[in-house]
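Working notes for the structure below.
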Ligand SMILES: NC(=O)c1ccc[n+]([C@@H]2O[C@H](COP(=O)([O-])OP(=O)(O)OC[C@H]3O[C@@H](n4cnc5c(N)ncnc54)[C@H](OP(=O)(O)O)[C@@H]3O)[C@@H](O)[C@H]2O)c1
C-alpha cells in the first residue's frame, strides 16, 4: 500500500510517499481501506515534531480518516466487509472519563495515523459512517467534529435560548457553530475576513464580528448580549483569553481548546475568572461513545460538515500548505482512493 511517512520533524516537505505491506487484521481487528482524510491544525504541529516526546518516527501522520471495511479478523460480529466506517481519534478511550491509559494511543501522534491506503483499527475504535455523508465529510468527524461536540454539547451542556460564541472559521469552530444551532442556541461568530463572515451567516450565525477590525470583540459581544455569552469556544487559547473572559457572562463557560492566537498578553486578566465565577473547561476530543452519540445526532439532523477543498492523495503536501495559509473555510480534505 502507499502511505505517507514522516521520518523526522521536517514539516510538510518531510512527508515521504512510501510502500508498506497491506497489514492483516488479527482477532478483534478490522482492516479499513481509507477513502479520505481531513487535516487539523494539530497535523501542522505534528509534522514539525510539535507533539512532544510521545511522538514516534517514522510516523504515518493525520488523525482523521474514513473508509470502507476491507477485511475483518476473527470474532468480529459488529462490522462486515463493505461497511462504511470512521475511526476514533483515541483508539482506546471507549467511554467514560479520560485517563492517561485511555488517551495514550492518539492517531497521527503517538501511533500511526490515516494518511495511508489501509489501516488496521481495533473494532472498538470504529463507528459506522452517518449514511448521508460522503467519505471526506465523514473524515471531518473524529477530531474537529468531536472536539466541537464535546465543547458545546457534552461538556458545555448548551440549551435552547443560550448564546455561544465561536472564533474564526476553521474546522472546530464551524462544527461548534453547527452544533450550537442544533441545540437551539444563538451564535455569535467571529472571523478576520468579511467574505468568510458572509459564509458564517449562511451557516446560521445570528451575529458576526470581524475580530481584526474589532479587536475588543469580547467587549462587543458582552454589549450585544447585555450580560455576556453562556459559552465560548476558545480555539485561540491564551492569546485570545482576555477577550473571551470579557465576552463570557458571570457563571459562564470558556471551553478551552486551542493555541491559534499564540502567547498570552502581559496583562492576562485571570483574576476576573474568579470574580465572575467562570468555568474554564479544558477539552480534548472525546471517546468512541461520544463519537457514536455525535454521529447519531448528525444523522438525525442531516447535518453536513463544511469541506473547503479536497486534494488528491499525491498532492497531500499542498493540502498541508493550504491549511497553513489560513485561507480555508472549514475542513481541508485529502481523497485517498
Ligand atoms: N483540544 C483539542 O482536543 C483540540 C482538538 C482540535 C483542535 N484543537 C485546537 O483548536 C484550534 C483550532 O483547530 P482547527 O483544526 O479548527 O484549526 P483551523 O481549521 O486551522 O482554524 C484556522 C482558523 O482559525 C481562525 N483563527 C486563527 N487565529 C485566530 C485568532 N487569533 N482568533 C480567532 N480566530 C482565529 C481563522 O479563521 P478566520 O480566517 O475566519 O479568521 C483561521 O482560518 C487549534 O489550536 C488546534 O490545535 C484542539
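Return the FRET efficiency for the residue pair residue 128, residue 97: r is the Cβ-Cβ distance, R0 is 25 Å, and the value is rounded to the nearest 0.05. Working shown, then result.
Details: r = 25 Å, r/R0 = 1.00.
After rounding to 0.05, the efficiency reads 0.50.
How high is the relative contact order of region 192-306, in percent, with contacts defined as C-alpha pairs under 8 Å that are six or more residues apart?
Values: 155 pairs, mean separation 21.6, N = 115.
After rounding, I find 19 percent.
Take each of the peptides 172-185, 54-67, 96-109, 143-156, average the number of other beta-carbon atoms within 10 Å over its residues, and list them starting from the highest. Display every interim value, and only then the final one.
Values: 172-185: 24.7, 54-67: 23.1, 96-109: 16.0, 143-156: 26.5.
Highest-to-lowest ranking by the protection proxy: 143-156, 172-185, 54-67, 96-109.
Would you calculate, for the chain, the mean residue ellipticity at 222 nm contributed by helices, counting each DSSP H stretch of 4 or more residues as -39,500 (n - 2.57) and dividing by all residues, to the nearest 500? Before the final figure, lay out the partial values.
Values: 10 runs with 84 residues, N = 337.
For the chain, the value works out to -7000 deg cm²/dmol.
Please give the Cα centre distance for region 96-116 versus region 268-322, rounded to the nearest Å.
16
Of the peptides 253-259, 202-208, how do they stack up when ordered by the mean number of other Cβ atoms within 10 Å, highest first? If you can, show how the numbers build up before the last one.
On the way: 253-259: 22.3, 202-208: 16.0.
Packing order, densest peptide first, comes out as 253-259, 202-208.
In a GNM of the chain with a 10 Å cut-off on Cα contacts, which of 80, 221, 319 has the highest mean-square fluctuation?
The residue that fluctuates most here is 80.
Which residue fluctuates the most in the chain, going by a Gaussian network model with Cα springs under 10 Å, if the choices are 141, 300, 280?
Of 141, 300, 280, the most mobile in the Gaussian network model is 300.
What angle, in degrees between 0 and 90 and rounded to the nearest 10, separates the Cα long axis of helix 171-182 from the longest principal axis of the Cα atoms of the chain?
Around 70 degrees separate the two axes.
Where a ≥ b ≥ c are the square roots of the eigenvalues of the C-alpha gyration tensor, would you call region 178-231 rounded, which needs a/c under 1.5, or, failing that, prolate if a/b is larger than b/c, or oblate? All intermediate terms of the calculation are to be shown ahead of the outcome.
Numbers: a/c = 2.58, a/b = 1.05, b/c = 2.45.
The shape class here is oblate.
For the chain, give me the percentage of DSSP beta bridges that are antiparallel, rounded to the nearest 5 percent.
On the way: 31 of 58 bridges.
Around 55 percent of the beta bridges assigned by DSSP in the chain are antiparallel ones.
Note the full-extension length gain between residue 83 and residue 198 as 0.36 nm times their separation in residues minus their Cα-Cα distance, in nm to one decimal. Don't skip to the answer; put the middle values down first.
Working: separation 115, 0.36 × 115 = 41.40 nm, distance 3.75 nm.
Extra length from residue 83 to residue 198 when fully extended: 37.7 nm.
Pop the C-beta distance of residue 2 and residue 213 into the FRET formula with R0 = 35 Å and round what comes out to the nearest 0.05.
Efficiency, from the Cβ-Cβ distance: 0.20.
I need the shape label for region 243-337. Rule: rounded when a/c is under 1.5, else prolate if a/b > b/c, else oblate, with a, b, c from the alpha carbon gyration tensor. Working shown, then result.
Details: a/c = 3.01, a/b = 1.56, b/c = 1.93.
Judged from the Cα gyration tensor, region 243-337 comes out oblate (a/c at least 1.5, b/c at or above a/b).
Give me the percent relative contact order of the chain, please, defined on Cα pairs under 8 angstrom at least 6 residues apart. Mind showing how you got there, number by number?
Details: 835 pairs, mean separation 61.4, N = 337.
With pairs under 8 Å counted, the relative contact order is 18 percent.
In terms of the Cα gyration tensor, with a ≥ b ≥ c the square roots of its eigenvalues, is the chain rounded because a/c is under 1.5, prolate because a/b exceeds b/c, or oblate?
Working: a/c = 1.85, a/b = 1.64, b/c = 1.13.
Prolate shape, in that a/c is at least 1.5 and a/b is the bigger ratio.
Between 69, 22, 288, find the one with the highest GNM mean-square fluctuation for the chain; connect C-alpha pairs within less than 10 Å.
Of 69, 22, 288, the most mobile in the Gaussian network model is 22.
For region 95-181, state the semi-axes of the equivalent ellipsoid (square roots of 5 times the eigenvalues of the alpha-carbon gyration tensor), sorted largest first and rounded to whole angstrom.
On the way: eigenvalues 133, 58, 32 Å².
So the equivalent ellipsoid measures 26, 17, 13 Å along its semi-axes.
How much length is gained if the chain between residue 18 and residue 279 is pulled fully straight, taking 0.36 nm per residue apart and subtracting their Cα-Cα distance, in nm to one decimal? Before the final figure, lay out each step's value.
Working: separation 261, 0.36 × 261 = 93.96 nm, distance 4.63 nm.
Here the answer is 89.3 nm.
Among DSSP beta bridges whose residues both lie in region 25-112, state the antiparallel percentage, nearest 5. Working shown, then result.
Details: 12 of 13 bridges.
About 90 percent, rounded to the nearest 5.
Taken together, the values in this text are just the output of simple stated rules run on the coordinates, not laboratory data. These numbers were taken from a predicted model, which means no experiment stands behind them. Counting neighbours? That spans all protein chains shown, and the Cβs are built from the backbone with ideal geometry, glycine included.
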